[in-house]
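Just below is one structure, and these are the notes that go with it.
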Protein chains: 4
Amino acid sequence: MIIQLIEEISTTQKEHIVHKVESLGYQLSEVTTQKGHYLIAVGKKDFDIRSVGRLDGVKDIHWVSDGYKLVSKKWKVGKTAIDLGDGIQIGDGSLAMMAGPCSIESEAQIKSTIQHLLENNIRIMRGGVYKPRSSPYAFRGLGIDGLKMWYELAKANGLKIITEVMQVSQIDAMLPYVDVFQVGARNMQNFNLLDALGAVDKPVMIKRAMSGTIDELLQCAEYVFSGGNEKIILCERGIRTYEKAYRNTFDLNAIPILKEKTHLPVVADPSHGIGLRDYVEDMALASIMAGADGVIYETHQTPEKAFSDGQQTLNFEESANLINKMKLTSNLRASF
Amino acid sequence: MIIQLIEEISTTQKEHIVHKVESLGYQLSEVTTQKGHYLIAVGKKDFDIRSVGRLDGVKDIHWVSDGYKLVSKKWKVGKTAIDLGDGIQIGDGSLAMMAGPCSIESEAQIKSTIQHLLENNIRIMRGGVYKPRSSPYAFRGLGIDGLKMWYELAKANGLKIITEVMQVSQIDAMLPYVDVFQVGARNMQNFNLLDALGAVDKPVMIKRAMSGTIDELLQCAEYVFSGGNEKIILCERGIRTYEKAYRNTFDLNAIPILKEKTHLPVVADPSHGIGLRDYVEDMALASIMAGADGVIYETHQTPEKAFSDGQQTLNFEESANLINKMKLTSNLRASF
Amino acid sequence: MIIQLIEEISTTQKEHIVHKVESLGYQLSEVTTQKGHYLIAVGKKDFDIRSVGRLDGVKDIHWVSDGYKLVSKKWKVGKTAIDLGDGIQIGDGSLAMMAGPCSIESEAQIKSTIQHLLENNIRIMRGGVYKPRSSPYAFRGLGIDGLKMWYELAKANGLKIITEVMQVSQIDAMLPYVDVFQVGARNMQNFNLLDALGAVDKPVMIKRAMSGTIDELLQCAEYVFSGGNEKIILCERGIRTYEKAYRNTFDLNAIPILKEKTHLPVVADPSHGIGLRDYVEDMALASIMAGADGVIYETHQTPEKAFSDGQQTLNFEESANLINKMKLTSNLRASF
Amino acid sequence: MIIQLIEEISTTQKEHIVHKVESLGYQLSEVTTQKGHYLIAVGKKDFDIRSVGRLDGVKDIHWVSDGYKLVSKKWKVGKTAIDLGDGIQIGDGSLAMMAGPCSIESEAQIKSTIQHLLENNIRIMRGGVYKPRSSPYAFRGLGIDGLKMWYELAKANGLKIITEVMQVSQIDAMLPYVDVFQVGARNMQNFNLLDALGAVDKPVMIKRAMSGTIDELLQCAEYVFSGGNEKIILCERGIRTYEKAYRNTFDLNAIPILKEKTHLPVVADPSHGIGLRDYVEDMALASIMAGADGVIYETHQTPEKAFSDGQQTLNFEESANLINKMKLTSNLRASF
């Protein structure tokens, strides 16, 4: 059960509500975000919620039987759009496109990518400065210095930055230079990281883990929301199955299901999803038709020379082509 | 290696080719289909294939290193279209649409379905008369009598029939009444059934098994082809993964990959694919964008009363809506 | 619900029972096996089963809510032992050991294997004469002639034969020469084959499909049982997962679970289970500790020359070693 | 390639080696642990390693082609035993047994568990004070205060503590009170946590992720090792598959495979592995037969009242029974 409180609630009013709900055998968690003030009540007993709903200080109240609460569509029926500033939104009904290299490598690479994005009206740039790598001996990214260099160039060109944060201690240093924090698939259930991202006022995109269930992904979003941050985006990026013909099994089923279960925007990552360059376009377009609010993909001037993920990265010509087709596909779907 | 022979090859010519290839350490299988006459050579030794290619009686020759040979795009670069007669094709570049109930139940049900299909210009009707059921105590279909009744009504209305064949002994009886034999997911690797379907001159649609790999599916098609029947359609219908939010995980990755590896048409079955009615439309449209040559789905006048699979079956209004959107989606993709 | 009828039931008595049960809204299937005569009632309405239980002609009655009925431990609490004759049993509390090559290849190979088995007191020999192969161009087995040759040699040495049957039309010809029919993983849900094996009076061992669930495997056993044959053995042989370090993921969890759910014997196949020779011993011993009633594995005089599955086949020295350890392990477990 | 350096290596000697190896096109990482000093060289060019091996300062050198290096059996052929002090070891050839509750709940619960362990000669106690929970609203453990209380009681009774660490910032505070740090399945690829645990001189047990591959698990161990800590234990605890009959699919195949690939000890967790109390015993015994160096499982005085994981937790009677059988099983296997 979710109880939204009025903004100007008094201590007495809140205590009265808490007392009432706890007396019904429910455990309460208090959640304060940028946008609201909530009590989350977990329990089993059935009762008439109007008896709580009419108490002073209650703005709204709903049963939400799922394990996740505030991210559920049972709580908020409409769609949540995430505002990145400068008129750039994710989840507002238009298609959000995010592109860039797997790893940020050099100033020249950033510049060539920015030029490509500008030419194609893409306003959100992806790239990794902290890279989770299977091997400890592999390239782990340029770190905070790479991020700062990237930020200067991006800002000067009106681009927003989405990049992965790998641990709690990186958040503060990254904060001024990041527009969307990305939680990688391997960290989906890094609950401390999710808690900490709940305490910042920047959008967070959570990628589904390689074997993450739909339900778990939503619970992870609930961690960030209940930590205080309502600005959450979900991302499907491929799961693990028995099939070896592709790197991952991009699970497009997740898109309509997530959009039915949550009010948060849902984005597709076809590059990691299928993991093979030749099929990224098909899967990107399919994900739009399946209802994705956005597409994030990898592009690089010379994919064969990329520090990482070259085999799934588009060159700029392929990328420009894809952007054009994505727009047409998005327009068709919007007309349905 | 595939050696295509000329039609009018003489015994001496063929013996000469066989002798030459076997002397190189290769094992030969002879394949005669409706459309061609081939020798399939399996071996390891490297040699200049022109030494075989220039022999009398050889029409064409190619290395095909995959486990599957004749169904590979390395053998035939273009696309194979399957002709059902009366101008109805699958794989000719247009979108093939196939719809109907899970099970054929009654004359009234067939008639209502046919009317719905005619109103929407759908010319291939699906339906099961032999039903593979998990439980021996469940409804197993109307059998050959149901098929005959259906055939009369379909023929009178210019519709083609696609229906599942479950075992070798059913083929002969079904043959006059069927336009496309469907091999179900549970029978994908029923090699005797595939062998037997190689001996008929009717199109065969093979569904990917619940844990069938891309490679295995193509090898199963090779069984039918090498048995003598080139008229093969492949169908993706969802695989088994850890995720429990949907009945199956509809694997759209399979579509572009199959179309890269084989010249055969590839069809998508979103009804079984995701297994939940509310998401069939999204997945059907996504599969078209992913490159499917056709879509097969379940529709019923009153899905809630269907003998089987009601939870994934569209009613006629939903079906009509879907058909309209599929056409627009197919048109957009064709324009790319 | 299962209603066991008395042997000498009269037509009137049976009609009376049928009438009563159908009037309660239940659908009835009649099952007659080597050992009993049953009515299987499927329905939803709750009622006091004693009202049926006290009717004339009823020997026993039980609710069984699972999808599978007669194979359930809710029906038969004890264990079913399968008698192969000559004092050889599977599921009688001792450990059944079955060994032999993947494929029957030649008289010499059969003879060397038989000698090895005799030296180690193994009395059930495995081997394939019909081989399900991924590729149509691979060796498909010696067929019925190979089986006859094998039978003569096995019989002369007091050995029993377990071998795979792939299709209905093979059953009659194989019947005189087979002691246990094996249904392969790819045919687990070949319902026509299961139906037909329900009509013979020979033991049937059903292998779990590569993505077969525990529930599905039991329903497949129910097919054979309801077809009239109570002599059924279940076999775990590895499932498909994302892990590529082994050929299959041998699922030992299935063993205690199956033994809790069914009265049928459960056998483990570590050779296919893990698919790598070096680990067959560890997995065989582990499966005994997990509660398997028997172990079936592959052995060959010269595994590196075997026609198929050489990489998972033990040589005779390894096999003899394993047999010794299996006996000691089985003895320890029996002492618990 | 791994180059072990002599302890008293001079700067000049090391520079000479580095120069030589880099000139061959290899990238070097320097690793210093409690026990050794290594250079890890990653590259592709083939050369005679004796040309490096005979340089001054080189103690040992080996090619290790796997992605993981120092944890590979290609580097260290024998077995690594982890010494917890007071004569308690993991991986020394005897069976290590670790037991205790899922969550540390109270002083009374700790005391009753300790008494049970002492009565059965178990000297390593497991329990969680930081609990990774799917839902943000669930019990998250008693934290550092719970750990301190537990430590006092454990120490007084000569027991060692194994408990999960969830994030880098917890390590310092936990360090004095922990004998083995456990990295949970959800954190297997939390590379920052692995790096940080590489910097402490306490044993670390890494649990395989729910969809972690064998190769990835070994690479995660390489993170800890290359960070400077050689005291690593691996743990199999069940993976995600399509099967829904058990909570996880306990993957015993992993045990012999890991023991073939690495010199590190391998432990089995049957409680999480199968996730159902009734089958924990069978799976524990099977894991010993498969070659596990130890077993870690959950026990609680009153499992039905446990704060978490009660459905997979043994009561003390079941636990005592299991311990007895584990010893007998371990003895049998040691005799092979």
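The values are calculated or read from the model by the stated rules, or taken from the named source; none is laboratory data. On a predicted model such as this, the values are computed, not experimentally measured, just so you know. Virtual Cβ from ideal backbone geometry, glycine too; neighbours counted across all protein chains shown.
Here are the numbers:
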read-out: Of all residues making up the range C:259-269, the number that are surrounded by 24 or more Cβ atoms within 10 Å (Cβ to Cβ) and either in a helix (DSSP H, G or I) or touching a helix residue (DSSP H, G or I) at 6+ places or on another chain (Cβ under 8 Å) (or both); value: 4
read-out: Qualifying residue in the range D:294-315 (condition: at the interface with chain C (Cβ under 9 Å from one of its Cβ atoms), within 22 Å of D:G238 (Cα to Cα) and modelled with pLDDT of 95 or more); value: no
read-out: Long-range neighbours under 6 Å by Cβ, at least six apart or interchain, first residue within 14 Å of chain D (Cβ to nearest Cβ) within the range B:226-255, second surrounded by fewer than 24 Cβ atoms within 10 Å (Cβ to Cβ) and small (G, A, S); value: B:R240/B:S211; B:R240/C:S211; B:Y242/A:S211; B:Y246/B:G275; B:R247/B:G275; B:N248/B:G275
read-out: Enumeration of residues in the range B:304-320 that are within 20 Å of A:N253 (Cβ to Cβ) and assigned to a helix (DSSP H, G or I); value: B:G310, B:Q311, B:Q312, B:E318
read-out: The range C:316-325 - residue that is in contact with an Asp or Glu (Cβ under 9 Å, 6 or more places away or on another chain) and of a type in the set (A, V, I, L, M, F, W, C) and, of those, farthest from the other protein chains (Cβ to nearest Cβ); value: C:F316
read-out: Hey, C:Y38 within 14 Å of chain B (Cβ to nearest Cβ), closer than 23 Å to B:F139 by Cβ and outside any loop (DSSP other than H, G, I, E, B) or not; value: yes
read-out: Residue that is assigned by TED's automatic domain parsing to the domain that holds B:M98, surrounded by 22 or more Cβ atoms within 10 Å (Cβ to Cβ) and not aromatic (F, W, Y), where the choices are B:D278, B:D282, B:D309; value: B:D282
read-out: Flag for C:V267 being of a type in the set (A, V, I, L, M, F, W, C) and touching a Pro at 6+ places or on another chain (Cβ under 9 Å); value: no
read-out: Some residue of the range A:69-81 being in a strand (DSSP E or B), within 14 Å of another protein chain (Cβ to nearest Cβ), touching a helix residue (DSSP H, G or I) at 6+ places or on another chain (Cβ under 9 Å) and not β-branched (V, I, T); value: yes
read-out: Boolean, D:Y279 is within 14 Å of chain B (Cβ to nearest Cβ) and of a type in the set (S, T, Y); value: no
read-out: Selection count where residues are buried (at least 24 other Cβ atoms within 10 Å of the Cβ) and outside any loop (DSSP other than H, G, I, E, B), scope the range B:231-256; value: 9
read-out: Boolean, D:P203 is more than 14 Å from chain A (Cβ to nearest Cβ) and more than 30 Å from C:E260 (Cβ to Cβ); value: yes
read-out: Top-ranked residue in the range B:69-114 [being over 30 Å from B:G43 (Cβ atoms) and among the charged types (D, E, K, R); ranked as surrounded by the fewest Cβ atoms within 10 Å (Cβ to Cβ)]; value: B:D86
read-out: The range A:25-49 residues that are within 19 Å of A:V200 (Cβ to Cβ), paired with ones that are aromatic (F, W, Y) and surrounded by fewer than 12 Cβ atoms within 10 Å (Cβ to Cβ) (beta carbon under 9 Å, 6 or more apart); value: none
read-out: Residue in the range D:134-141 that is within 22 Å of the chain's Cα centre (by Cα), without any contact (Cβ under 8 Å) to a residue 40 or more places away in the chain and away from chain A (no Cβ under 14 Å) present; value: no
read-out: Residue check for A:N157: of a type outside the set (S, T, Y) and surrounded by 23 or more Cβ atoms within 10 Å (Cβ to Cβ); value: no
read-out: D:N331, sole failed condition from (1) in contact (Cβ under 8 Å) with a residue 40 or more places away in the chain; (2) assigned to a helix (DSSP H, G or I); (3) within 12 Å of chain C (Cβ to nearest Cβ); value: (1)
read-out: Which numbered condition B:K131 fails, given (1) of a type outside the set (S, T, Y); (2) touching a Lys or Arg at 6+ places or on another chain (Cβ under 8 Å); (3) closer than 30 Å to B:H62 by Cβ; value: (3)
read-out: Number of the condition not met by A:L175 [criteria: (1) within 13 Å of another protein chain (Cβ to nearest Cβ); (2) more than 22 Å from A:C102 (Cβ to Cβ)]; value: (1)
read-out: Total residues in the range C:10-40, condition touching a Ser or Thr at 6+ places or on another chain (Cβ under 9 Å) and surrounded by fewer than 18 Cβ atoms within 10 Å (Cβ to Cβ); value: 3
read-out: Some residue of the range D:43-54 being closer than 20 Å to D:G228 by Cα and surrounded by 13 or more Cβ atoms within 10 Å (Cβ to Cβ); value: no
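Here's the yes/no breakdown for (1) out of contact with any Ser or Thr (no Cβ under 6 Å at 6 or more places or on another chain); (2) within 27 Å of C:N321 (Cβ to Cβ); (3) of a type outside the set (S, T, Y):
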| site | (1), (2), (3) |
| --- | --- |
| C:Y223 | yes, no, no |
| C:R237 | yes, yes, yes |
| C:Y246 | yes, yes, no |
| C:L258 | yes, no, yes |
| C:G275 | yes, yes, yes |
